[in-house]
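One structure below.
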Amino acid sequence: MRLEGIPMIKLGVIFGGRSGEHEISLMSATSVIKAIDKEKFQLVLIGITKEGNWLLYDGPVEKIEDGSWQQEAEAALANDPDKYGITVLGAGGKSLKSIIDFALPVLHGPFGEDGTIQGLFEMADIPYGGCGVLGSAAAMDKALAKEIFAKRNLPVCRHLMLQKEEIEENLQGVIQRTEKFLPYPIFVKPSNMGSSVGISKVHNQEELISALQLAAAYDRRLVLEEGLDCRELETGVLGNYNPEVAAVGEILPSAEFYDYKAKYFDGGQSKMCIPADIPDEIAQEIRVIAAEAYCLLDCSGFARVDFFLEKGTNKVYLNEINTIPGFTKYSMFPLLWAEAGFAYPNLIEKIIDLGLERYKVRHR
């Protein structure tokens, strides 16, 4: 790490958030906090409630994962507002900029992974880990990202973008348009969510209607994709200008597809194969596409890039980029880099290093 002249960096780990992935953020943050080298970093833990309140927290780490941290943090604030009060923006002794040297957002989904909090850090002049505003926003919107990938001739599956208003105003028209363009099965997704929240695989018109309503509950923009008979592959990317790409791993889901329950609540029944059992030339193709897609969206710091490998044809399809991938004990991203020789604490330090590097470049 390049931390010359800073004996103990005040590292703000920000968790929770207003999105439907709040609970996943708590799980990831717990793992990250436990792994951080406390001799190198002074931790400042900041939780964001589902209502958007920012709370300083200095209680047991274990209470973050089960959500009980919030009650303890609110009680601490009520009992000692001078110590636990925080002003997110502005100047002064308890502003965000005054209490942390570096922000590490462990926030999945909207208001954390979509460029919004990254813009806040930029406004406050605080260096932070992960992608910047543009890369975060572009990668978060699956429909927009697929359009950008397609313009560069990167391989993406057939897809359709819809607005929530279209569904509300002309549901039958949406169904006809969808069935004309995409054969069943079809994946229906909120365009701006992650962790498979709000995603459905549908096999007929009745399921399609329910899936559209579910996805529209999470986002006003939806993306519909052809349901390929495929294997699910992922790789990790680290870096700014010249990113490194990890090995390719394969998800072996416990459900029909790698949905929210299979990712986080199946007790580890879903399996990960690292490296994936695929030919070397396909693994190399995936790694090349991952690096190109990462740079195309102006990503920096780190990300996980997801792919489909169609069975029978071995055709590779780029699915999406996750700019703050899961960091739980079951998550692919840290496991991919562990395979490459980056132990969990070293991986976190590398992400911080890359964030400081980008900050220095921007402020030359």
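Here are a few things to note about the model shown:
- The chain: C-alpha pair distances exceeding 28 Å, %: 44 percent
- Within the straight-line cut-off of under 14 Å between alpha carbons, the aspartates and glutamates reachable from Lys151 are Glu292, sequence neighbours fewer than 8 places apart in one chain being disregarded.
- Remark on the range 96-188: hydrodynamic radius 16.0 angstrom, per the Kirkwood mean of 1/r across alpha carbon pairs.
- Listed residues Gly227, Gly109, Gly16, most fluctuating in the chain (Gaussian network, C-alpha, under 10 Å): Gly227
- With every protein chain in place, the chain: carbon and sulfur % of accessible area (1.4 Å): 50 percent
- Paired Rg and Dmax values of the range 30-110, which use every Cα atom, in angstrom: 12.8, 33
- Charge tally for Ala338 (other residues, Cβ to Cβ under 13 Å; Lys, Arg +1; Asp, Glu -1): +1.
- Highest average first, the peptides 157-167, 94-104 ordered by how many other beta carbon atoms sit within 10 Å of their residues are 94-104, 157-167.
- Shape summary of the range 301-364, radius of gyration then Dmax from alpha carbon positions: 15.1, 51 Å.
- The range 295-351-the range 126-182 distance, computed between alpha-carbon centres (Å): 20 Å
- Within the chain, antiparallel bridges make up roughly 75 percent of the DSSP beta bridges whose residues both belong there.
- When the C-alpha to C-alpha distance is required to be over 24 Å, the pairs from Lys146/Lys350; Lys40/Lys97; Lys83/Lys329; Lys34/Lys63 that qualify are Lys146/Lys350; Lys83/Lys329.
- Kyte-Doolittle mean at least 0.5, axial Cα span of 18 Å or more - DSSP H helices of the chain: 22-35
- Across Val133, Val223, Val174, mean-square fluctuation computed from a Gaussian network of the chain (C-alpha pairs under 10 Å connected) peaks at Val174.
- For the residues Ile321, Ile282, Ile117, a GNM of the chain with alpha-carbon springs under 10 Å puts the largest fluctuation on Ile282.
The values are calculated or read from the model by the stated rules, or taken from the named source; none is laboratory data. Keep in mind that what you see is a predicted model, and the values were worked out from it rather than measured. We place every Cβ from the backbone using ideal geometry, glycine too, and count neighbours over all the protein chains shown. Surface areas here come from the heavy atoms of the whole protein model, side chains and all, with no ligands, DNA or RNA. Shrake-Rupley method; radii C 1.70, N 1.55, O 1.52, S 1.80 Å.
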